[in-house]
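**Student:** Handing you this structure, nothing more for now.
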Amino acid sequence: MKTQAVLFTAASAAISLSAGLVAKADTVPAHCDLYAPREDYPSLSSNCTFSQRQGYIGIQLQSNGTRYELSPIPNSQPGNFQDQRGNPVYRQSGLGNRGQIFRLSDGSALYVYWDQSSSYGSPPVQGAAQRIGTLVAHDRGSQINLRSESTMRSRAIGYGLAGDRVNILQCGQDTDTPGSRLNWCRVQFLESGATGWIRESGATGWIRSDFIIFPSDGL
C-alpha cells in the first residue's frame, strides 16, 4: 500500500509539473494600443505579448519594454486586478473575441488585440486608376496610424509619416465620431521608408482623411 501511495504521489507531482509548464507557455503574440485619459487617439502602439496563468496576466510591450503584471484581487468581482505596484486595474468588455481592454489606475486604457500574423500587407496595386495621396501629420514628426478598420478603436497595424505616398483605394464617411464631417480611407503604401512591418511597401489599412492630402487638393 505504501508503495502504491508513493507511486501515486510521484505521478500526481509529475502531472502538476506538466500542467505548470503548459500554463507558463500560454503566451501569445498581440498588438497593444495605449490610450491616455479621455483621448481617442493612442499615445502608443506596439507589438506585445500576452500571457495568462491561473488568473495572473502578463503584458509585455516591445516598443518601450514596459511590462504589466496583473494579479487578481481576492474576494472581488471577476476582472478586478492590481498591477505590480498595487494599483487597481479593471478588465472590461468591448472587443469581443478580438481582444481585451484594461483600465489602468491613472484613467488610461490598454487595448490588447490578438494578433498571430507577422505579415502586414501585400504587393502594391498597379494600374492607371490609382489615386495617389500624401500623408500629412498634425504635429511635426508624429506617426500616423494605419488601422485595421475605419475606427479609432480598431487595431493599429502600422504607421506612416508625413510625406509618405499612398494609393487611395476607397473612402467612406466617418461614423466613429458623432457629427464628424471627415472620411476614413482605405489606403495602400507605395514605398517603404523603413525596414520591418511598421512601414512597408504594400501595407494596406485605414487612415482618416484629415491625415491625407488628396490629388484634388493640387499637391
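**Student:** Is there any pair linking a residue in segment 78-92 that is free of Cβ contacts under 8 Å to residues at least 12 places away in the same chain to one that is of a type outside the set (Asp, Glu) and outside any strand (DSSP E or B), with Cβ under 7 Å and at least six apart or on different chains, and which?
**Tutor:** Asn80/Ile73
**Student:** Could you check, for segment 24-43, whether at least one of its residues is at pLDDT below 85, of a type outside the set (Val, Ile, Thr) and in a helix (DSSP H, G or I)?
**Tutor:** So far as segment 24-43 goes, yes, one or more of its residues are at pLDDT below 85, of a type outside the set (Val, Ile, Thr) and in a helix (DSSP H, G or I).
**Student:** Restricting the search to segment 138-149, which residues are open to solvent by less than 50 Å² (accessible area, probe 1.4 Å) and either of a type in the set (Ser, Thr, Tyr) or part of a loop (DSSP other than H, G, I, E, B) (or both)? It would help to see each step written out before you state the result.
**Tutor:** Our first condition is that a residue be open to solvent by less than 50 Å² (accessible area, probe 1.4 Å); within segment 138-149, this holds for 142, 144-148.
Selection gives Ser142, Ser148.
**Student:** Another question, if that's okay. Name the pairs: first residue in segment 46-57 and touching a residue at least 12 places away in the same chain (Cβ under 8 Å) and closer than 15 Å to Val89 by Cα, second residue in a strand (DSSP E or B) and of a type in the set (Asp, Glu), Cβ to Cβ under 8 Å, at least 6 apart or on different chains?
**Tutor:** From residues that are touching a residue at least 12 places away in the same chain (Cβ under 8 Å) and closer than 15 Å to Val89 by Cα, the pairs are Tyr56/Glu69; Ile57/Glu69.
The values are calculated or read from the model by the stated rules, or taken from the named source; none is laboratory data. This one's a predicted model, so the numbers in the text were calculated from it and none came from an experiment. Virtual Cβ from ideal backbone geometry, glycine too; neighbours counted across all protein chains shown. Accessible surface areas use protein heavy atoms only, side chains included; no ligands, DNA or RNA. Shrake-Rupley method; radii C 1.70, N 1.55, O 1.52, S 1.80 Å.
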